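Here's the structure we're looking at; comments come further down.
The values are calculated or read from the model by the stated rules, or taken from the named source; none is laboratory data. Just so you know, these numbers come straight off a predicted model, no measurement behind them. Note that each Cβ is placed from the backbone with ideal geometry, even for glycine, and that neighbours are counted across all protein chains shown.
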């Protein structure tokens, strides 16, 4: 197992890693819309927050030697299912390969953000 860490994505806010690589597969922790440069939540709309989440996932994937095109599964958490269509607009720009996905609404997310996404991706090293 290899632990993945990059300062281009938010540091873990608990006892976990940004991601783990095992047998050529990347497992990311859920990424929330924290701007790693400031430590602040990026925006107050689903669009702004989804953009930051995708940038954070890209940074973790890059550090692991892969990218979003190698994603095989994502799990998306929304604070409000009313944001589903707007979230999908942003998501579709980043996950053009259309990996398998689950998307659920949850009562509350860390730091009261609007979305969180975790990913499983192939690593071609």
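The residue that is farthest from the chain's Cα centre (by Cα), among those in segment 30-56 that are more than 21 Å from residue 96 (Cβ to Cβ) and assigned to a strand (DSSP E or B), is 41. Please go through segment 37-49 and give me each residue that is free of Cβ contacts under 8 Å to residues at least 60 places away in the same chain and crowded, with 17+ Cβ neighbours inside 10 Å, ordered by number. Answer for segment 37-49, where residues must be free of Cβ contacts under 8 Å to residues at least 60 places away in the same chain and crowded, with 17+ Cβ neighbours inside 10 Å: just 42.
Residue 52 falls short on exactly one of the conditions (1) surrounded by fewer than 21 Cβ atoms within 10 Å (Cβ to Cβ); (2) out of contact with any helix residue (DSSP H, G or I) (no Cβ under 6 Å at 6 or more places or on another chain), and that condition is (1).
Consider segment 11-35 and keep the residues that are over 18 Å from residue 120 (Cα atoms) and in contact with a helix residue (DSSP H, G or I) (Cβ under 9 Å, 6 or more places away or on another chain). The one that is modelled with the lowest pLDDT is 13. Part of a loop (DSSP other than H, G, I, E, B), out of contact with any strand residue (DSSP E or B) (no Cβ under 6 Å at 6 or more places or on another chain) and either loosely packed, with under 15 Cβ neighbours inside 10 Å or touching a residue at least 40 places away in the same chain (Cβ under 8 Å) (or both): does that describe residue 14? Yes: the conditions hold for residue 14. The set of residues from segment 89-125 being under 22 Å from residue 4 (Cα atoms) and outside any strand (DSSP E or B) comprises 94, 95, 99, 110, 123, 124, 125. Selection within segment 17-29: residues that are touching a residue at least 40 places away in the same chain (Cβ under 8 Å), surrounded by fewer than 18 Cβ atoms within 10 Å (Cβ to Cβ) and more than 13 Å from the chain's Cα centre (by Cα). The member of this set that is nearest to residue 89 (Cα to Cα) is 25.
As a summary of the residue check, residue 83 satisfies the conditions (1) outside any loop (DSSP other than H, G, I, E, B); (2) in contact with a helix residue (DSSP H, G or I) (Cβ under 6 Å, 6 or more places away or on another chain); (3) crowded, with 20+ Cβ neighbours inside 10 Å except for the one numbered (3). Restricting the first member to segment 89-113 and to residues that are on the phi < 0 side of the Ramachandran plot and surrounded by 10 or more Cβ atoms within 10 Å (Cβ to Cβ), and the second to residues that are part of a loop (DSSP other than H, G, I, E, B) and modelled with pLDDT of 95 or more, the beta-carbon pairs closer than 6 Å and six or more apart or on different chains are 109/79; 110/32; 113/32; 113/33. When segment 66-77 is limited to residues that are under 12 Å from the mean Cα position of the chain (by Cα) and in a strand (DSSP E or B), the one that is surrounded by the fewest Cβ atoms within 10 Å (Cβ to Cβ) turns out to be 73.
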